[in-house]
1. Could you list, in sequence order, the residues of region 198-228 that are free of Cβ contacts under 8 Å to residues at least 40 places away in the same chain and of a type in the set (Lys, Arg)?
2. Would you mind telling me which numbered condition in (1) within 26 Å of Phe63 (Cα to Cα); (2) touching a helix residue (DSSP H, G or I) at 6+ places or on another chain (Cβ under 7 Å) Phe233 fails?
3. How about region 40-73: which of its residues are in a loop (DSSP other than H, G, I, E, B), crowded, with 16+ Cβ neighbours inside 10 Å and polar (S, T, N, Q)?
4. Taking the residues in region 30-39 that are modelled with pLDDT of 95 or more and out of contact with any Leu (no Cβ under 9 Å at 6 or more places or on another chain) as candidates, determine which candidate is most open to solvent (accessible area, probe 1.4 Å).
5. Got a number for residues in region 102-128 being assigned to a helix (DSSP H, G or I), surrounded by 14 or more Cβ atoms within 10 Å (Cβ to Cβ) and not aromatic (Phe, Trp, Tyr)?
6. Among Tyr231, Tyr248, which is the only one that is surrounded by 17 or more Cβ atoms within 10 Å (Cβ to Cβ), touching a residue at least 24 places away in the same chain (Cβ under 8 Å), touching a His at 6+ places or on another chain (Cβ under 6 Å) and under 29 Å from Asp194 (Cα atoms)?
7. Please determine, by comparing only the residues of region 269-294 that are touching a residue at least 60 places away in the same chain (Cβ under 8 Å) and in a loop (DSSP other than H, G, I, E, B), which one is farthest from Ile217 (Cα to Cα).
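The values are calculated or read from the model by the stated rules, or taken from the named source; none is laboratory data. Keep in mind that this is a model prediction, so the values were computed, not measured. Here Cβ is always computed from backbone atoms with ideal geometry, including for glycine, and neighbour counts include all displayed protein chains. Just the protein is used for accessible areas: all its heavy atoms, side chains included, with ligands, DNA and RNA removed. Shrake-Rupley method; radii C 1.70, N 1.55, O 1.52, S 1.80 Å.
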Amino acid sequence: MIVSKSDVLKRLYFPLKIINNIIEFFGIKSKDSLRVLTYHDIAPYDYDSFEKQLRWLSRSWKFITPEQFSAMVSGNKKIKGRNLLITFDDGFLSNRIVAEKILNPMKIKAIFFCVSDFIDISKEDEVVKFMKDKIYLTKSSKKLPTNWKNMKWDDLSALLDQGHTIGAHTKSHARLSTLLDKEKLEREIIYSADVIEKKLGIEIDHFAYPFGGINSINQQAIDIALTRFKYIFSGIRGVNSAGNYGIYRDACANQDSKLNYYVFSNNLIGSFLEGVADPYYYKKRKTFINFFKS
């Protein structure tokens, strides 16, 4: 019988939780924590699992608003207890659906990071082409789930009316580390946020760079982003702290060979939140945060 890596990590949840409780009790480790979860599309077959997962997480963690998160990172509010912020990347229509069906009844507010070019597309075939070429980098559109659609400006306005926050996720979902031209980087990072601000009549303080890994960002891109945004979100796992405006996030879904997303099991997410992968990401976190010190 072959045991997968995810199976091993799931089984580590309860031992890790017990160990953390013990070392927190003796003051070896702080009881206070600030982490961020990342989702993308939530497929209809996963709505029930997603809701149950949030309710399960709420037993051990407190869901905070983007405003509370910003106050904690800036040092204006003390990080006390176990705090979670929810974020969504890319701007799928399912984000509005789960906000209205699940987040709003639970009084959870999230940040939705959107790609400005993606919002503007109205024709279905162009939406598919954009996802194929820009977001999931696949040669065949046949692999894309049929439920994938993009949010339009009206959807984003509705989310704002419901108390959620909109963030920027570049103009075309480009891998920023591959763009050497400063003007192109500025169009991806700054122009896209300006477009969203103007269309929605809001201020954009939050930016998440596409793909999220340490190899998808570099010093030049960070320097440009810092001229425009207060908070820059990665896809690197870890605990966030006051004074660090480079934000770590925990991915919460598996992607199969057909690009379908499935939210992680509760125990797997629990393991990540207990820090099972944090040592692996130590060097990546160090590299990322050093971008902000230059």
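1. Lys198, Arg228
2. For Phe233, the exception is condition (2).
3. Step one: list which residues in region 40-73 are in a loop (DSSP other than H, G, I, E, B), which gives 40-43, 58-61, 64-65.
Keeping just the survivors that are crowded, with 16+ Cβ neighbours inside 10 Å gives 40-43, 61, 64-65.
Once the filter is applied, which keeps residues that are in a loop (DSSP other than H, G, I, E, B), crowded, with 16+ Cβ neighbours inside 10 Å and polar (S, T, N, Q), region 40-73 yields only Thr65.
4. Just the residues of region 30-39 that are modelled with pLDDT of 95 or more, to begin with: 32-39.
Add one more test, that the residue is out of contact with any Leu (no Cβ under 9 Å at 6 or more places or on another chain), and what stays is 32, 38-39.
Working: Asp32: 61, Thr38: 11, Tyr39: 1 Å².
For region 30-39, the residue satisfying everything is Asp32.
5. Taking region 102-128 as the starting set, the residues that turn out to be assigned to a helix (DSSP H, G or I) are 102-103, 116-120, 124-128.
Applying the additional criterion that residues be surrounded by 14 or more Cβ atoms within 10 Å (Cβ to Cβ) yields 102-103, 116-120, 127-128.
Narrowing the set further to residues that are not aromatic (Phe, Trp, Tyr) leaves 102-103, 116-117, 119-120, 127-128.
Summing the residues that are assigned to a helix (DSSP H, G or I), surrounded by 14 or more Cβ atoms within 10 Å (Cβ to Cβ) and not aromatic (Phe, Trp, Tyr) in region 102-128 gives 8.
6. When all the criteria are applied, what remains is Tyr231.
7. Initially, region 269-294 is screened for residues touching a residue at least 60 places away in the same chain (Cβ under 8 Å), giving 269-277, 284, 287-288, 291-292, 294.
Filter once more, keeping what is in a loop (DSSP other than H, G, I, E, B): 274-277, 291-292, 294.
Numbers: Glu274: 26, Gly275: 24, Val276: 24, Ala277: 21, Phe291: 10, Phe292: 12, Ser294: 15 Å.
Per the criteria, the residue is Glu274.
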